[in-house]
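The structure under discussion appears below in the form of structure tokens.
The values are calculated or read from the model by the stated rules, or taken from the named source; none is laboratory data. Worth saying up front: this structure is predicted, and the values here are computed from it rather than measured. So basically every Cβ, Gly included, is an ideal-geometry build from the backbone, and we count neighbours across all protein chains shown. Accessible surface areas use protein heavy atoms only, side chains included; no ligands, DNA or RNA. Shrake-Rupley method; radii C 1.70, N 1.55, O 1.52, S 1.80 Å.
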Amino acid sequence: MTSLENPEPVLRTRIETEGTKGYQHILGQIQKLVKSMESKSGLKAEKIGFGTPGVLDPILQTMKNCNSTALNGMPLKKDLEDLLQVGVELANDANCFALAETYWGAVKQLAPEASVVFGIIMGTGVGAGIVVNGKLWNGRHGIAGEWGHNFLDESGGICYCGKTGCVEKVLAGPSLQRYYSSLTNSMLTLKEIAQRHQQGSDKFATQTMDRLHHFFGKAISVVINILDPDVIVIGGGVGNIESVYTEANRSINQFIFNNRVDVQILRPGLGDSAGVFGAAALVVNTDQ
Ligand SMILES: [Zn+2]
């Protein structure tokens, strides 16, 4: 029997939501996916956990803060339950990531005694989730962990959320690529920029990576001062950059209100599938 201790994937498949075609189309794609998984596996879902962008507002029961903007304002949980005729749990994808890494990933392997975990996805956007004693901490507004839209620095410019200088606008992959491009007029991938920095062959690449290290330390120190987590796990493309674990770590020391940095900062253990495992954990968890 699949359980929190012993998860066993029975099928892996992937489908585009084609979100630009609108909300009803997204629902249709989800229904198509569920039907195809049920027919391929010969199993019927009793409950389904979904990782989503943004979050379901705990009072209004509609989606908010989604960068897939077609979802905003929509009663996604109710619509999916009506459509699929099955109980549904939703959580932000970074929350799912944090949960999965806690149960089965880096935290379980390297810091099993941790009580408070801050799981970050730094990729095309920046999101995070908080797990306390094995449970997601959602908060009054459902936005606990939404560190990506904290203010960090004016130089990040205007964000889709309506504010200026969000963490995401400084530290997300595209933001760093744009910064490099503003110095050089050439668009490289973040991986390429990081390689050039490592080789010491490109002073603008080094300037871009210095920006990442400096502002990562500055931004995460705010989280450490308030939440003081035992462990931070960093997923997403920016989390793959080696120097985040060395140089950025030193930058934390400059900004936290403490005489040393003890918090463990870990690479994820589950790869790209973490969010999906975490979504499944949402419905296993509610059975307890
Ligand atoms: Zn923002």
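Against the definition (open to solvent by less than 10 Å² (accessible area, probe 1.4 Å), at pLDDT 95 or above and more than 16 Å from the ligand (Cβ to nearest atom)), how does T208 come out, yes or no?
Details: open to solvent by less than 10 Å² (accessible area, probe 1.4 Å): yes; at pLDDT 95 or above: yes; more than 16 Å from the ligand (Cβ to nearest atom): yes.
Yes: the conditions hold for T208.
Tell me, which residue of segment 71-93 that is buried (at least 16 other Cβ atoms within 10 Å of the Cβ) and part of a strand (DSSP E or B) is nearest to the chain's Cα centre (by Cα)?
Across segment 71-93, the extreme among qualifying residues is N92.
Report whether or not K218 is more than 16 Å from the ligand (Cβ to nearest atom) and either open to solvent by 10 Å² or more (accessible area, probe 1.4 Å) or assigned to a helix (DSSP H, G or I) (or both).
Spelling it out, K218 is indeed more than 16 Å from the ligand (Cβ to nearest atom) and either open to solvent by 10 Å² or more (accessible area, probe 1.4 Å) or assigned to a helix (DSSP H, G or I) (or both).
With respect to Q207, determine if the residue is part of a helix (DSSP H, G or I), under 23 Å from G165 (Cα atoms) and free of Cβ contacts under 8 Å to residues at least 60 places away in the same chain.
So Q207 passes the test.
Hey, L270 hits all of (1) open to solvent by 70 Å² or more (accessible area, probe 1.4 Å); (2) in contact (Cβ under 8 Å) with a residue 60 or more places away in the chain but one; which does it fall short on?
(1) is the only condition that L270 fails.
So, E154, is that one out of contact with any helix residue (DSSP H, G or I) (no Cβ under 9 Å at 6 or more places or on another chain) and open to solvent by 30 Å² or more (accessible area, probe 1.4 Å) or not?
Yes; evaluated as a whole, the condition is true for this residue.
Condition test on C96, is it crowded, with 18+ Cβ neighbours inside 10 Å, assigned to a helix (DSSP H, G or I) and not aliphatic (A, V, I, L, M)?
Details: crowded, with 18+ Cβ neighbours inside 10 Å: yes; assigned to a helix (DSSP H, G or I): yes; not aliphatic (A, V, I, L, M): yes.
Yes; evaluated as a whole, the condition is true for this residue.
Conditions first: (1) within 16 Å of the ligand (Cβ to nearest atom); (2) at positive phi; (3) open to solvent by 40 Å² or more (accessible area, probe 1.4 Å). G200 passes all but one, so which condition is the exception?
Just one mismatch for G200, condition (1).
Considering (1) at pLDDT below 95; (2) within 23 Å of E168 (Cα to Cα), say which one A45 fails and leave the rest.
So the condition that A45 fails would be (2).
If we keep just the residues of segment 1-24 that are closer than 21 Å to Q85 by Cβ and touching a helix residue (DSSP H, G or I) at 6+ places or on another chain (Cβ under 8 Å), which is surrounded by the most Cβ atoms within 10 Å (Cβ to Cβ)?
Out of the qualifying residues, it is Y23.
Quick one: is T184 more than 23 Å from V263 (Cβ to Cβ), in contact with a His (Cβ under 9 Å, 6 or more places away or on another chain), away from the ligand (no atom under 16 Å from the Cβ) and at pLDDT 95 or above?
no
Out of segment 117-152, which residues are more than 30 Å from L190 (Cα to Cα) and either of a type in the set (A, V, I, L, M) or within 16 Å of the ligand (Cβ to nearest atom) (or both)? Please lay out each step first, then the result.
Our first condition is that a residue be more than 30 Å from L190 (Cα to Cα); within segment 117-152, this holds for 132-142.
V132, L136, H141, listed by residue number.
Let's see how each residue does on (1) within 19 Å of the chain's Cα centre (by Cα); (2) within 15 Å of G217 (Cα to Cα):
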{"position": "N240", "(1), (2)": "yes, no"}
{"position": "V244", "(1), (2)": "yes, yes"}
{"position": "N253", "(1), (2)": "no, yes"}
{"position": "R260", "(1), (2)": "no, yes"}
{"position": "I265", "(1), (2)": "yes, yes"}
{"position": "S273", "(1), (2)": "yes, no"}
{"position": "F277", "(1), (2)": "yes, no"}
{"position": "V284", "(1), (2)": "no, no"}
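How about segment 153-171: which of its residues are under 17 Å from G123 (Cα atoms), touching a residue at least 60 places away in the same chain (Cβ under 8 Å) and more than 7 Å from the ligand (Cβ to nearest atom)?
L171 - this is the single residue of segment 153-171 that is under 17 Å from G123 (Cα atoms), touching a residue at least 60 places away in the same chain (Cβ under 8 Å) and more than 7 Å from the ligand (Cβ to nearest atom).
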